[in-house]
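Notes for the one structure printed next.
The values are calculated or read from the model by the stated rules, or taken from the named source; none is laboratory data. In this text the structure is predicted, and so the values were computed from the model without any measurement. Every residue, glycine as well, gets a Cβ built from its backbone with ideal geometry; the counts of neighbours run over all protein chains shown. These accessible areas exclude ligands, DNA and RNA; they are computed on the full protein's heavy atoms, side chains included. Shrake-Rupley method; radii C 1.70, N 1.55, O 1.52, S 1.80 Å.
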Amino acid sequence: MIDYSSWVEFEISRLFAIQSPAPRSIKTYNEGTVPYVSSGGINNGIVSYLEPKTGEELEKGNCITVSPLEGTPAFYQDTDFLGRGGAGSAISMLYNDNLTKYNALFICTVIKICAAKFDYANACTSENLRTLKIPLPAKKEQDGTMYIDGKKTYNDNGFTPDWEFMDHYMKSIEEKSQGRINILKQLHH
């Protein structure tokens with residue numbers, strides 16, 4: 001069970017560098033092997049695999065992509081990709097050097113819950129995303145008191161997300177799930 005007592009609200013723009021992909025249309029590409037991440041709510045936002053144009057820079061992986069539509073899905077992208085940029089349903093990309101696959105999956109879940117208030121009429125635009133506040137576990141000192149960052153990087157009170165806790169928590173969820181899958185596989189033999 002998670003102890004929510006030390007969770008703190010963090011504004012997305014304080015947690016992440018927010019970037020937008022270059023404007024591009026899927027119609028101008030040939031099929032290929034590079035994921036094309038759009039504003040879809042399934043399959044990690046990947047709607048196709050394309051061949052980048054000569055000299056085209058890909059969006060860097062190890063980021064969270066957020067769609068402004070469809071219940072505002074948030075997905076972790078581990079590899080470089082082509083992102084849907086341009087108008088209305090362009091994705092946003094969230095970068096932080098502390099991001100790992102596991103803490104990103106934790107944060108994606110929290111973003112999805114907190115952004116559920118957005119819909120087609122009130123989309124999660126880049127500005128709405130910038131100011132969105134999400135609760136996350138905050139880092140503690142050895143004695144159990146809250147760790148305070150004097151630079152106040154992530155929060156005006158100096159609180160810092162507990163990246164390591166989120167990472168370990170999601171790894172434990174994966175291990176439990178894999179254990180259950182292994183049991184089911186044994187039952188079917």
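The single condition from (1) surrounded by 13 or more Cβ atoms within 10 Å (Cβ to Cβ); (2) polar (S, T, N, Q); (3) at pLDDT 95 or above that Ser6 fails is (3). Within region 33-44, the set of residues being open to solvent by less than 30 Å² (accessible area, probe 1.4 Å) and either part of a strand (DSSP E or B) or touching a residue at least 40 places away in the same chain (Cβ under 8 Å) (or both) comprises Val34, Pro35, Tyr36, Val37, Ser38, Ser39. Residues that are touching a helix residue (DSSP H, G or I) at 6+ places or on another chain (Cβ under 8 Å) and surrounded by fewer than 22 Cβ atoms within 10 Å (Cβ to Cβ) within region 77-89 comprise just one, Asp78. Scanning region 9-30 for residues that are surrounded by 10 or more Cβ atoms within 10 Å (Cβ to Cβ) and either of a type in the set (Asp, Glu) or over 16 Å from Val110 (Cα atoms) (or both) yields Glu9, Glu11, Ala17, Ile18, Gln19, Ser20, Pro21, Ala22, Pro23, Arg24, Ile26, Tyr29.
No other residue among Thr65, Thr79 is within 25 Å of Asp167 (Cβ to Cβ) and in a loop (DSSP other than H, G, I, E, B) apart from Thr79. Of the residues that make up region 152-167, is at least one at negative phi, aliphatic (A, V, I, L, M) and in contact (Cβ under 8 Å) with a residue 12 or more places away in the chain? The answer is yes; a qualifying residue exists. Among the conditions (1) farther than 20 Å from Ile42 by Cα; (2) at pLDDT 95 or above; (3) open to solvent by less than 40 Å² (accessible area, probe 1.4 Å), Asn157 misses just one, which is (3). Please go through region 45-60 and give me each residue that is surrounded by 17 or more Cβ atoms within 10 Å (Cβ to Cβ) and touching an Asp or Glu at 6+ places or on another chain (Cβ under 7 Å), ordered by number. Of everything in region 45-60, those that are surrounded by 17 or more Cβ atoms within 10 Å (Cβ to Cβ) and touching an Asp or Glu at 6+ places or on another chain (Cβ under 7 Å) turn out to be Leu50, Glu59.
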